[in-house]
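What follows is calculated from the coordinates using simple rules that are stated; it is not laboratory data. Keep in mind that this is a model prediction, so the values were computed, not measured. FYI the Cβ positions are ideal-geometry reconstructions off the backbone, even for glycines, and counts take in every protein chain you see.
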Number of protein chains: 2
Amino acid sequence: MEPPAPLSTRITAPDVQGSAHERVYRTLRGRIMSGEMEPGVALTLRGIGKDFGVSMTPAREAVRRLAAEGALTLSASGRVTTPDLSPERIEELAALRALLEPELAARALPRAHMALIERLRTINGRVAEVVAKHDVTGYIRSNLEFHRTLYLRAQAPAMLAMVETVWLQLGPTMRALYMSKDRTDLQKHHRTILAALAAGDEPGLRLAVRTDVTQGLRMLVGL
Amino acid sequence: MEPPAPLSTRITAPDVQGSAHERVYRTLRGRIMSGEMEPGVALTLRGIGKDFGVSMTPAREAVRRLAAEGALTLSASGRVTTPDLSPERIEELAALRALLEPELAARALPRAHMALIERLRTINGRVAEVVAKHDVTGYIRSNLEFHRTLYLRAQAPAMLAMVETVWLQLGPTMRALYMSKDRTDLQKHHRTILAALAAGDEPGLRLAVRTDVTQGLRMLVGL
DNA sequence: GCGCGGGCTTTGTGATCACAGGTTGTTCAT
DNA sequence: ATGAACAACCTGTGATCACAAAGCCCGCGC
């Protein structure tokens, strides 16, 4: 192995969807939010780099960005792990969801047309499918898609971003949570949300969203 | 110029307070949150690096972290600027404050002892001083310190972090806002907050905080 | 059998460089 | 004088390397 090395290695970058660090970031973020990784798993920059075929530099940027959003935990020595949340932290994040999501739903309500409700029904049907298959990741993903689709109508990007940050932080925990629980009741809550939406009932919608969001996460803490 | 170069430059790092990128991050964050930089100002990695006596690498990490928190804006080509928010964005962030801060205040209320109220009074006195001196940055800083001191008692780190993220995003805007406005009314609101705290009046406290938070930011949009 | 010390390995940090794309300023032609 | 084309410069991106410190494991001593 020649020590000096010619230098000038440019594979001309596939650049399929933006820069390298963004690709790493997006992929990792998706994995974490949908609960593909369990809490407390260790990651290494070199390992991530190897997985994505990039050097440590973009891996580091992606990791730091995720850590800034609370999607990853950095130990004092810089070690990277998925977050393993304390019950208090979980409760706090649940409270945040209970605070933000009814507001987003209420803002979406006046803009919710029939087409949106129909789309939500479709997504909710997909939730039933994945529940039947005991597909935890698929369940989390489609459940969040249900909420996100509704909130997108609120036209409140900063608020939505904040809620997604909370979802991110809860990702690994949700996996652990939903793996040990029956989930037929969740669809019931989603149906209540849809009913309130169709009726244009704002107080009912706020309550339905709050209940849906709260009860799933209360299970772990209050068991 | 020798191509290989000796390599091996380690000034043994001062390491006064953690890693280089953290020092850069903390300083920049403080500057942005307290409104020391106006909206739309351009920054460069090399420039930041030179300012802090570090290379581009830690500068880049600090910038990306700040961008992830919304404290800086990255253009499509990667250019870095302080955020110049649209009125809709400002209103949304104000709504976020109006949603989160009363909750934090309410959670702090049962834990608020006399010593805390006294401390808040002191901070509020400092607000009066800086207002008299027309020191915008000092005003923003002590105003936020008033709120942060109260919310710290809520024992809700995730919620506090979220609110601070909102403050960060509003930093440069607050500067532009407060520079063109009289501010004697702000202390009045703070006094109302203190009265509700002392009386243990939760609804009154929620309202007082919401009013304090909302009205200052409503000025810009609704003028 | 169990704890502890010392080496080897792994891992994050930061500096430097090559490169590409964007920005800017200048000059030339109309 | 105004517009476009071009060149020089500026700026972010990513790879690679040196380094330090933290972790890990094996073996020694009690």
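Mind running the shape call on the stretch A:50-120? Use the C-alpha gyration tensor, a ≥ b ≥ c as the square roots of the eigenvalues: rounded below 1.5 for a/c, prolate if a/b tops b/c, oblate otherwise. Judged from the Cα gyration tensor, the stretch A:50-120 comes out oblate (a/c at least 1.5, b/c at or above a/b).
Backbone geometry of the stretch B:117-122 corresponds, through the Karplus equation with coefficients 6.51, -1.76 and 1.60 at θ = phi - 60°, to 3J(HN,Hα) couplings of 4, 5, 5, 4, 4, 4 Hz, x marking Gly and Pro.
Taking the Cα centre as origin and putting +1 on Lys and Arg beta-carbons and -1 on Asp and Glu beta-carbons, what dipole magnitude results for the stretch B:87-222, to the nearest 20 debye? Walk me through the numbers on the way to the answer.
Details: 19 positive and 15 negative charges, 54 e Å.
Roughly 260 debye for the stretch B:87-222.
As a check on your grasp of the helix formula, calculate [θ] at 222 nm for chain B: sum -39500 (n - 2.57) over DSSP H runs of n ≥ 4, divide by the residue count, round to the nearest 500. If you can, show how the numbers build up before the last one.
Values: 9 runs with 152 residues, N = 223.
Using -39500 (n - 2.57) per qualifying helix, the result is -23000 deg cm²/dmol.
For chain A, what does the alpha-carbon gyration tensor say about shape, rounded, prolate or oblate, given a ≥ b ≥ c as the root eigenvalues, a/c under 1.5 as rounded, and a/b over b/c as prolate? It comes out prolate by the Cα gyration axes. Among chain A residues, the beta-carbon with the smallest distance to the axis carrying A onto B is reported, with distance in whole Å, as A:Ala68, 2.
Between copies, the label points of B:Pro110, set 7 Å from Cα on the Cα→Cβ line, lie 3.7 nm apart, reported in increasing order to one decimal in nanometres.
Once you order the gyration tensor axes a ≥ b ≥ c over the Cα atoms, which shape class does the stretch B:107-223 get: rounded for a/c under 1.5, otherwise prolate or oblate by comparing a/b with b/c? Can you show the working numbers first?
Values: a/c = 1.64, a/b = 1.41, b/c = 1.16.
Prolate, since a/c reaches 1.5 and a/b exceeds b/c.
When +1 charges are put on Lys and Arg Cβ atoms and -1 charges on Asp and Glu Cβ atoms, the dipole computed for the stretch B:128-192 relative to its Cα centre reaches about 80 debye. For the protein assembly as shown, the number of Lys pairs separated by eight or more positions or lying on different chains, with C-alpha atoms closer than 26 Å, is 4. In terms of its Cα atoms, the stretch B:20-81 spans 27, 25, 18 Å along the principal axes, sorted from long to short.
How do B:Val54, B:Val209 line up, fewest other C-beta atoms within 10 Å first?
On the way: B:Val54 18, B:Val209 29.
The fewest-first ordering by Cβ neighbours comes to B:Val54, B:Val209.
For B:Pro87, inter-copy separations between label points set 7 Å beyond Cα along the Cβ vector come to 5.0 nm, shortest first.
Just tell me how shielded B:65-75 is by partners: mean number of partner chain Cβ atoms within 10 Å of each residue's Cβ, no decimals. Don't skip to the answer; put the middle values down first.
On the way: counts 6, 1, 2, 9, 4, 3, 0, 0, 0, 0, 0.
For this peptide, the per-residue mean of nearby foreign Cβ atoms is 2.
Averaging 1/r over every pair of different alpha carbons in the protein assembly as shown and inverting the result gives a Kirkwood radius of 24.1 Å. Note on A:163-170: average number of Cβ atoms from other chains within 10 Å of each residue's Cβ is 1. The Rg/Rh ratio of the stretch B:52-167, with Rg taken over Cα atoms and Rh as the Kirkwood radius over Cα pairs, comes to 1.04. Between the alpha-carbon centres of the stretch B:88-113 and the stretch A:53-74 there is a gap of 30 Å. Across A:Thr211, A:Thr27, A:Thr81, mean-square fluctuation computed from a Gaussian network of chain A (C-alpha pairs under 10 Å connected) peaks at A:Thr27.
Computed from Cα atoms, the angle from the helix B:184-199 axis to the main principal axis of chain B rounds to 70 degrees.
With respect to chain A, whose longest principal axis is taken over its alpha-carbon atoms, helix A:136-152 is tilted by about 70°. Axis angle, to the nearest 10 degrees, between helix A:56-68 and the longest C-alpha principal axis of chain A: 30 degrees.
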